[in-house]
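Participant: One structure coming up, written as structure tokens, with questions to follow.
The values are calculated or read from the model by the stated rules, or taken from the named source; none is laboratory data. Keep in mind that what you see is a predicted model, and the values were worked out from it rather than measured. No Cβ is skipped: glycine too gets one built from the backbone with ideal geometry, and neighbour counts run over all protein chains shown. Side chains included, ligands, DNA and RNA excluded: accessible areas come from the protein's heavy atoms. Shrake-Rupley method; radii C 1.70, N 1.55, O 1.52, S 1.80 Å.
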Amino acid sequence: MGLTRTAFLWASTNPWLAERLPRYGFAKRAVSRFMPGETLADALAASGPLVSRGIGTVVTMLGEEVRDAGEAAGVAAHYRDAEREISRRGLDVELSVKPTHLGIAVDPSALDAFVVELGRAAERRTRKLWIDMEGSRWTDATLALARRARAETGGIGVCVQANLRRTDADLQPLLEEGVSIRLVKGAYLEPSSIAYGDKREVDAAYLRLARRMIDHAAKAPSSGARYAFGTHDRAMVAALREAGVGGVPGCEIQMLYGIGPAAQRELAEAGVPHRILISYGARWFPWYMRRLAERPANVWFLLRSLVAR
Ligand SMILES: Cc1cc2nc3c(=O)[nH]c(=O)nc-3n(C[C@H](O)[C@H](O)[C@H](O)COP(=O)(O)OP(=O)(O)OC[C@H]3O[C@@H](n4cnc5c(N)ncnc54)[C@H](O)[C@@H]3O)c2cc1C
């Protein structure tokens with residue numbers, strides 16, 4: 001793993017930097033490339049033009065590692081209001097949530113009830129509630145949460161990370177139990193004992209897992225489960241299309257807002273189902289550091305914003 005990537009992933013967990021960097025105007029200007037604004041209204045406004053072109057979005061409020069039950073309840077209340085607003089406006093917008101933002105560390109039973117409630121609300125409008133996957137400390141709890149909630153409602157999707165060696169084994173029960181799945185490469189710093197470190201190994205695992213998901217979708221076209229492939233890697237998108245994404249019902253590509261607009265246009269022109277994930281919120285620092293770690297060229301945008309006034 002490159003030194004720059006390791007440094008940004010380290011920075012993403014540093015509370016001192018998280019407290020200070022976001023106060024600077026240059027940092028706000030740089031992050032705006034990946035984030036249309038800090039409020040739900042900003043995310044829904046950015047969804048508008050996409051949704052009107054038939055491209056659905058997923059919106060998520062940034063924040064993680066909440067250790068206070070009251071704060072977690074506030075985050076849940078925000079998402080409840082967001083679901084109500086999206087439903088009222090009939091938008092093709094889904095929600096994605098982070099377990100540690102919703103207080104998995106302080107009140108897991110409240111989180112269980114909340115995920116079932118929002119999963120049911122999503123199911124009523126034939127959409128999904130997506131559960132993000134965070135660092136490996138949370139993998140077991142997050143998968144268990146998704147499987148418990150899926151037993152109650154079909155409106156549940158969970159993210160799995162191809163860089164974790166365990167994901168080969170984790171995938172099967174999720175497929176069998178009809179949990180919708182978003183496959184990503186993995187954005188967290190993990191020890192080599194549990195994760196592939198080399199990009200080629202991660203890519204090989206990603207494609208192996210993706211093929212299993214696509215085969216499963218092809219065999220059960222009316223299961224209602226969706227399989228989303230979250231990646232901006234153009235070679236990977238080509239391999240996914242070759243493997244069936246774009247033809248097999250239930251399979252789609254997901255990308256982050258502001259990344260790879262050319263690739264997003266290509267998907268639209270080719271009629272490949274895809275969604276754009278839009279983040280919003282004031283607590284963007286760790287998330288932004290992970291985006292810089294993914295592509296050192298993004299650092300230039302940060303530096304250019306430092307000199308541009
Ligand atoms: C919709 C979606 C949801 C996600 N949810 C999660 C989650 O819940 N948990 C989690 O751990 N991770 C999540 N991720 C992040 C994911 O794990 C990867 O870190 C990220 O997508 C980078 O991997 P990649 O396959 O896109 O490209 P890589 O293999 O990292 O890079 C290949 C190429 O893709 C392009 N690219 C990749 N990233 C960027 C970027 N930030 N800016 C510009 N170009 C870029 C570049 O051209 C790069 O050379 C999510 C990603 C997406 C798209």
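Participant: By its C-alpha gyration tensor, with a ≥ b ≥ c as the square roots of the eigenvalues, how is segment 1-156 shaped: rounded for a/c under 1.5, else prolate for a/b larger than b/c, else oblate?
Facilitator: oblate
Participant: Run lengths n ≥ 4 of DSSP H only: what is the helix-derived mean residue ellipticity at 222 nm for the chain, with -39500 (n - 2.57) per run over all residues, to the nearest 500?
Facilitator: -16000 deg cm²/dmol
Participant: Also: Once you charge only the Cβ atoms, +1 for Lys and Arg and -1 for Asp and Glu, what is the size of the charge dipole of the chain about its Cα centre, to the nearest 20 debye?
Facilitator: Dipole size: approximately 800 debye.
Participant: Mean separation of Cα pairs under 8 Å and 6+ residues apart, divided by the residue count of segment 153-309: what relative contact order is that in percent?
Facilitator: Relative contact order of segment 153-309: 18 percent.
Participant: Then there's this: Stretch E201-A270 to full length: gain in nm at 0.36 nm per residue minus the Cα-Cα span?
Facilitator: 21.9 nm
Participant: Counting other Cβ atoms within 10 Å, which GluC sites (Glu not before Pro) in segment 147-189 have at most 14 and lie in a DSSP loop?
Facilitator: Here the GluC sites (Glu not before Pro) that fit, given the DSSP loop and packing criteria, are E177.
Participant: In a Debye calculation with equal point scatterers on the alpha-carbon sites of segment 7-96 and no solvent, what is log10 I(q)/I(0) at q = 0.20 Å⁻¹?
Facilitator: Rounded to two decimals, the profile gives -1.10.
Participant: Oh, and also: If eta is 1.567 mPa s and T is 4 °C, what Stokes-Einstein diffusion coefficient results for the chain, Kirkwood Rh from Cα pairs, in µm²/s?
Facilitator: Translational diffusion coefficient: 66 µm²/s.
Participant: How would S223, S12 rank on accessible area, largest to smallest, probe 1.4 Å?
Facilitator: These residues rank, largest area first, as S223, S12.
Participant: What full-extension length gain, to one decimal in nm, is calculated for H78 and E176 as 0.36 nm per residue of separation minus the Cα-Cα distance?
Facilitator: 32.1 nm
Participant: Still on this structure: With the dipole of the chain worked out from charges on the C-beta (+1 for Lys and Arg, -1 for Asp and Glu) around the Cα centre, which of S96, Y196, A238 lies farthest toward the positive end?
Facilitator: Highest projection toward the positive end goes to A238.
Participant: Using packing as a proxy for protection, rank 92-98, 158-164 so that the peptide with the highest average count of other Cβ atoms within 10 Å comes first.
Facilitator: So the peptides 92-98, 158-164, ranked by packing, come out 158-164, 92-98.
Participant: Near K28, which lysines are there with a Cα under 28 Å away, not counting those fewer than 8 places off in the same chain?
Facilitator: Of all the lysines, those that pass the test against K28 - Cα under 28 Å, at least 8 places apart if same chain - are K98, K185.
Participant: Let me ask something else about it. Just grab the label-to-label distance for A7 and Y24, each label 7 Å out from Cα along the Cβ direction, in nm (one decimal).
Facilitator: The answer from the label model is 1.4 nm.
Participant: Using the Cα centre of segment 213-259 as the reference point, and only Cβ charges (+1 on K/R, -1 on D/E), how large is the resulting charge dipole? Debye, rounded to the nearest 20.
Facilitator: With only Lys, Arg, Asp and Glu charged at Cβ, the dipole is about 60 debye.
Participant: Take the alpha carbon gyration tensor of segment 142-291, find the square roots of its eigenvalues, order them as a ≥ b ≥ c, and report rounded if a/c is under 1.5; if not, report prolate when a/b exceeds b/c, else oblate.
Facilitator: The shape class here is rounded.
Participant: Nothing charged except the Cβ atoms of Lys and Arg (+1) and of Asp and Glu (-1): what's the magnitude of the dipole of segment 9-73 about its Cα centre? Round to the nearest 20 debye.
Facilitator: Magnitude of the dipole: close to 400 debye.
Participant: Give me the compactness ratio for segment 114-179, meaning the Cα radius of gyration over 2.2 N^0.38 Å.
Facilitator: Relative to the rule-of-thumb radius for its length, segment 114-179 sits at 1.08.
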